[in-house]
Amino acid sequence: MRSGVPARAEAFFALDDDWVRRPGRTALRNDAVIAVAFVAFTLLSLELVRSLGGLDETHVSVPVIYLVLALGCLPIVLRRRWPLTVAVLGSLHFLAIGLTMPAVMSQLPSQALYFYLLFSAVAWARDRRQMLLVMAGVLLLMFGWLTWQFAVGSGVEGILESLRGEPEPHGLFSPVVAGVAYTFLINVVYFGGAVLGGQVAWRGARQRASLADQAATIAQQTDELREHAVVEERLRIARELHDVVAHHVSVMGVQAAAARRVLAKDREAAEGALAEVEESARQAVGEMRSLLGTLRRDGQPSSGTSRAPEPGLGDLPGLVEQFDSAALRVSWSCVEDPPGAVHEVAAPIGLSLYRTVQEALANVRRHSTATSAGVVLRVQSEPVPGTAPYAEVEVLDDGRPRGHTSGTGLGLLGMRERVTHLGGSSEIGPRLTGGFRVRVRLPLDGLSAGSGRLEDSRRGSAGHPAGVV
């Protein structure tokens, strides 16, 4: 890797940067205005100098001088489109004036015009390496011309003539040395200022373009994140709607079928089943209102609507009790370490585990011949060697897949999305000893390194069918 002054110079001039500074739509119009302003400034300044007798030594007619300098201002119109070409043409123009009209070349209009052309070449050159080569050639030409003037004696002669008739100077340097050094110093500042100023202007434009790109990227990423958040929220709502509707409609279907069978024989039992249908419908409407309330942009519930909190781990015993019946006996157990750890589980995790149990028991009721099932909740809130804190539910049954049942598969999809979103893992499939297992474990300390591995053998296996309502 290069170091030292060459490396710093290369970094300053951005020789490896492929960014191209392009003029805007109004560049040609603005440059035309600048060119006209330069012409007016040049003609006015030269006329003032001529009025003071500053052009008496020039043997070229005044109209020719004005015409030559006015033509030298025209390349300004193209300074941003072909900056290096304009710099070369400006150098040749400046050199021609210096050889034929030295008195005109030393005036402010000529110096300002040439400085501006060199500045524009550095500030707008597209290829930075090519720019550096062109500017090196221009500087070599100009300082070579200056050296040649002193070498042949014309420059020294001019210094001596300016000092003729004056008293002997008392400085540290002789008049010739002081004049040569001063002339070179002025030219170094002149050309160095044009080059460095142009590069500073280019770097400023580069920084502004970079900031604009960053702002555009941030805006694009913000839109993508917003869209991603909307998609995530839609998926969450879709999962919740499926779980709520599937559960309650399943209950209403079972109770309605039971009521139909006993309606003629046992009126009291039929009324009880219909009451269960009514209660399930009421709960479904309440939960759907609570869920759909999150879609309101103002975040305010509808007038007169009560929004109950979303279910969690504390509601699992009641959920198990709803599924427990004579046809399907469902047991419940909870293992927590330390005692009370269940109440410390975050709401999103509790809701996801609740929906997992709800979906698993609904599948057992609809798609299995099971007569018994067990639900176990395990919460380990304190880390143990080799195991991070977690919350886990496991649903086991003793049945086989029931024929002529099918579903949409959205239940398993929703379960998979919940597990993946929270960084957990799951095991879903038939057991070797018979029956079916659904086990979901979610970390309590944020997303885990896993990607929500799902071992699901419902599809095409000997276990329960993959379809769910």
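Values computed for the structure shown
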quantity: Residue that is modelled with the lowest pLDDT [pool: residues in the stretch 246-266 that are farther than 27 Å from residue 415 by Cβ and in a helix (DSSP H, G or I)]; calculated: 258
quantity: Count of the stretch 37-88 residues which are outside any helix (DSSP H, G or I) and within 24 Å of residue 138 (Cβ to Cβ); calculated: 4
quantity: Residue selected from the stretch 373-388 under the condition among the polar types (S, T, N, Q) and crowded, with 16+ Cβ neighbours inside 10 Å, by the criterion modelled with the lowest pLDDT; calculated: 381
quantity: Selection count where residues are open to solvent by 50 Å² or more (accessible area, probe 1.4 Å), under 22 Å from residue 341 (Cα atoms) and either at pLDDT 85 or above or not aliphatic (A, V, I, L, M) (or both), scope the stretch 432-452; calculated: 5
quantity: Tabulated pairs, the stretch 190-201, first farther than 15 Å from residue 111 by Cα, second of a type outside the set (Asp, Glu) and assigned to a helix (DSSP H, G or I), C-beta under 6 angstrom, 6+ apart or interchain; calculated: 197/119; 198/119; 198/122; 198/123; 199/122; 201/123
quantity: The stretch 114-150, residues that are basic (Lys, Arg) and part of a helix (DSSP H, G or I); calculated: 128, 129
quantity: Qualifying residue in the stretch 151-162 (condition: polar (S, T, N, Q), part of a helix (DSSP H, G or I) and modelled with pLDDT under 90); calculated: yes
quantity: Per-region count, the stretch 294-334, residues at pLDDT 65 or above and assigned to a helix (DSSP H, G or I); calculated: 11
quantity: The lone exception for residue 87 - which of (1) open to solvent by 10 Å² or more (accessible area, probe 1.4 Å); (2) over 30 Å from residue 53 (Cα atoms) it fails; calculated: (1)
quantity: Any pair with Cβ under 9 angstrom, 6 or more apart, that starts in the stretch 333-358 at a residue that is without any contact (Cβ under 8 Å) to a residue 24 or more places away in the chain and ends at one that is basic (Lys, Arg) and surrounded by fewer than 22 Cβ atoms within 10 Å (Cβ to Cβ); calculated: none
quantity: Residue 29 vs. criteria under 47 Å from the mean Cα position of the chain (by Cα), touching a residue at least 40 places away in the same chain (Cβ under 8 Å) and open to solvent by 40 Å² or more (accessible area, probe 1.4 Å); calculated: no
quantity: Among the candidates 370, 391, residue that is in contact with a strand residue (DSSP E or B) (Cβ under 6 Å, 6 or more places away or on another chain), at pLDDT 90 or above and assigned to a loop (DSSP other than H, G, I, E, B); calculated: 370
quantity: Complete set of residues in the stretch 90-111 that are touching a residue at least 60 places away in the same chain (Cβ under 8 Å) and open to solvent by 60 Å² or more (accessible area, probe 1.4 Å); calculated: 108
quantity: Flag for residue 400 being open to solvent by 60 Å² or more (accessible area, probe 1.4 Å), modelled with pLDDT of 85 or more, under 27 Å from residue 329 (Cβ atoms) and in contact with a Leu (Cβ under 9 Å, 6 or more places away or on another chain); calculated: no
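The values are calculated or read from the model by the stated rules, or taken from the named source; none is laboratory data. Treat the numbers as computed from the prediction; the structure is a model and nothing was measured. No Cβ is skipped: glycine too gets one built from the backbone with ideal geometry, and neighbour counts run over all protein chains shown. Areas reflect the complete protein model, heavy atoms only, side chains present, ligands, DNA and RNA absent. Shrake-Rupley method; radii C 1.70, N 1.55, O 1.52, S 1.80 Å.
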